[in-house]
1. So, Asn227, is that one closer than 13 Å to Thr607 by Cβ and touching a strand residue (DSSP E or B) at 6+ places or on another chain (Cβ under 6 Å) or not?
2. Determine if region 477-490 includes at least one residue that is more than 25 Å from Ser570 (Cα to Cα), in contact with a Phe, Trp or Tyr (Cβ under 9 Å, 6 or more places away or on another chain) and buried (at least 22 other Cβ atoms within 10 Å of the Cβ).
3. Answer with yes or no whether Leu523 is open to solvent by less than 10 Å² (accessible area, probe 1.4 Å), closer than 21 Å to Glu394 by Cα and under 17 Å from the mean Cα position of the chain (by Cα).
4. Condition check: open to solvent by 40 Å² or more (accessible area, probe 1.4 Å) and touching a helix residue (DSSP H, G or I) at 6+ places or on another chain (Cβ under 9 Å). Does Glu655 satisfy that?
5. What tally of residues in region 307-352 results from selecting those that are open to solvent by 70 Å² or more (accessible area, probe 1.4 Å) and among the β-branched types (Val, Ile, Thr)?
6. When you scan region 603-623, how many residues do you find that are farther than 30 Å from Ile255 by Cα and open to solvent by less than 40 Å² (accessible area, probe 1.4 Å)?
7. Looking at Asp471, is it closer than 24 Å to Phe370 by Cβ, surrounded by fewer than 24 Cβ atoms within 10 Å (Cβ to Cβ), of a type in the set (D, E, K, R) and within 24 Å of the chain's Cα centre (by Cα)?
8. Restricting attention to region 610-638, which residues are among the charged types (D, E, K, R) and out of contact with any Leu (no Cβ under 9 Å at 6 or more places or on another chain)?
Amino acid sequence: MANPPQPSLGYSVTAVPSNPDSSTPQPEKNSVPPPTMLPGASRFPPPKLHQDQIPSPSFQNPRLLSPANGVKTGSPVPHLSTPPGPPVFTSPVRPAAVPFRTSPATPQPVAFSSGSTLPTSSPPHFSNGSIELQHQVPLATNDSTPFEESSCALFSARKVLKQKKLANVPSLGFGALFSPGGEISPGPQIIQRDPHRCHNCGAYANLYCKILLGSGQWQCVICQKLNGSEGEYVAPSKEELRNLPELSSPIIDYIQIGNKRPGFIPVSDSRMSAPTVLVIDECLDETHLQHLQSSLHAFVDSLPPTARIGIILYGRTVSVYDFSEELMASADVLPGDKSPTRESLKALIYGTGVYLSPMHASKEVAHKIFSSLRPFGLNIAESSRDRCLGTAVEVALAIIQGPSAEMSRGIIKRAGGNSRIIACAGGPNTYGPGSVPHSFSHPNYPHMEKTALKWMENLGREAHRHNTVVDILCAGTCPVRIPVLQPLAKASGGVLVLHDDFGEAFGVNLQRAASRASRFHGLLEIRCSDDILITQVVGPGEEAHVDTHETFKNNNALCIQMLSVEETQSFALSMETKEDIKSDCVFFQFAVRYANVYQADISRVVTVRLPTVDSVSAYLESVQDEVAAILMAKRTLLRAKNHSDVMDMRGTIDERIKDIALKFGSLVPKSKLHQFPKELSALSELLFHLRRGPLLGSIVGHEDERSVLRNLFLNASSDLSLRMVAPRCLMHREGGTFEELPAYDLAMQSDTAVVLDHGTDVFIWLGAELAADEGRSAAALAACRTLAEEITELRFPAPRILAFKEGSSQARYFVSRLIPAHKDPPYEQEARFPQLRSLTIEQRMKLKTSFIHFDDPSFCEWMRSLKVVPP
């Protein structure tokens, strides 16, 4: 049976818990009707889409190819929440582009990936009843190390509470961060054969399965059914079975090298056959153009000889540059006021021009093209210039597809890997399809914007269908109308990034966008034990279509179609328990299937076992503060769509702190105040950083920039997500070493230099005394800049790196991100910032007098204002 249409494109939807009569309040959930049910879950009303959700084709009952997360027959179907398109960034400190450090062309290990939220609930699982077998051998003993510390699957706690009422307290919650494309260290075990799957639920055989040594049958950890192994698991002892990778390792990569796609030729360089087309705004003023030219020249020099690129310029027309002309920059020009006709594209593609060319043959031509660019010549305001970005992307898609566009629909001649279109935009799309009027005061602006949004989304979907990712790198001072451009990047699986200018940070992101490994045809399945219900998913995907997964008897996996599979993404999963847990442990299995740049089909299977406990204190001690904070932040940011929502979400953080103290804290003797649980002390501080930082605080002024940061955060890896929530503070020491300190303003000591990594920005602060000593200051600044480049080398988008001295006007950006602990009593300062004890009395007095009074509360003052005693 087909379900009603479900939300797609990574917008968040919340699933109603399988227990309708649960009375526990759930502040972090959106006030949206419950999602549609999988077959078998008929008692819940159909889901409604959030206003910012993009509807997708109707979904049918998922029948997956790989493990799903225990969506059982009879539980609600989770809502899909898709975060807005990829995030935007600001550009580098130095305006002019210079040769900069670039990240390696090989895939970059990143903790997690992100994207859209999917509402998910698992229907209840029916098992045939437990089978008692005398010779069943568990391969992993109960005392073996659980897998929660895997680099690609992180849980908010290492243990699960058995009592449903306490486990489902919404202010704390339980969940996981999963990174489908993350690099694993050490690398996963690799198997080049078909996996053994449970015939009932589709789960994969794993190290936690019980095996009948005589017959080789194995018992599924998800549904408890027995399955055959075609004799492969027959063995005289458990030790011999451990020689099989899937029975000894929690992470397995199954690889199928068979190629069924036409036109594929294996190559030694993974990017040789996946072209990158630059789509460049030609309506730039001279200063911006000079910086852009420097970044483009450096970009071409960074490419490997086998990389193929194309170059397209857009303004009122679309100019497609021809690499066959070696003596001059030559381009074929198409009108930009409407989509290109089939005849004009056919003349272009079948003509004599060369529009995609490998670097080893055309590097000099590319340099000549970039040098030939000229600034905008008319006296027209930046926002009023005609730019036909939509038409230019359509032409770029046609160039990438080439003659294959003439083949029958659905059969596309593909080279290995995802193709990329990278748009370098300095202003809004105001001409041709997908455009909006120059002025917001246009009488028909709302309708035209709505039409443009839909057109851009459809263009992004078309690009995704042809395995092409569209990244949009914006820079300059002209507003680019983020809401109109975001659907194009998001629907194709790309990112939208904001920069201050076209200088250093823009150039680094241009290089990293082209070099990052992107896999395609990604499908994520999540299965959990019957006791666990997935209520919400936030990440870069949408619920999978029925024709994309296999059929098992009772496959209740949550299935997510990923728009792309990259190291820089993660999915945030919110979970609840359906009822009190009787078993000693619960299981989770993640399976992600994708095609890599060589077009080999990879199935990565990750199996996790977590113990269950009755003791609340044992559970609190197992809570992973950073993972829990990221999950709370993603649920909160999903609802913070505008300035009004942001203000409301700050209030929900206050309520969350009070509720955690009430439910899990202790009453202070002779007082009505509650002590915040000492086991969660780091969590409370992380939430304070979230409340006052760029995501929810008042640091970011423009709503476009906040929107870009929000979209980036909702899809970001765990590492980047953590840094965006709470900055990391590193103090420079003599000899070039660094000491990590709490992110308090007490680190602003005049004789030191401090590096503050806040995810999308890295700040270098030089104290006044240090800055006065030219030699020491230069050495400290060089060491800090080197550190900043090293800790962000694999980050995409690359952050801007800003350096300034104590007392300068720019220093306010640094100060506003630190907790104002100088307002606390000395004993609290020393308890939270022990480095103070190493200062002399004179140094402490000098530090105390250096602070300027302002109204922002310190962490302790904030906690006390909530009637909660700080941990």
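The values are calculated or read from the model by the stated rules, or taken from the named source; none is laboratory data. None of the values given here were measured: they were computed from a predicted structure. In this analysis, Cβ positions are derived from the backbone assuming ideal geometry, glycine residues included, and neighbour counts consider all displayed protein chains. When the accessible area is computed, the model is the full protein with side chains, heavy atoms only, and any ligands, DNA or RNA have been set aside. Shrake-Rupley method; radii C 1.70, N 1.55, O 1.52, S 1.80 Å.
1. It is false that Asn227 is closer than 13 Å to Thr607 by Cβ and touching a strand residue (DSSP E or B) at 6+ places or on another chain (Cβ under 6 Å).
2. no
3. For Leu523, the condition - open to solvent by less than 10 Å² (accessible area, probe 1.4 Å), closer than 21 Å to Glu394 by Cα and under 17 Å from the mean Cα position of the chain (by Cα) - is not met.
4. No: the conditions fail for Glu655.
5. Total meeting the criteria: 2.
6. Residues meeting the conditions: 7.
7. Criteria not met by Asp471.
8. The answer is Glu621, Arg635.
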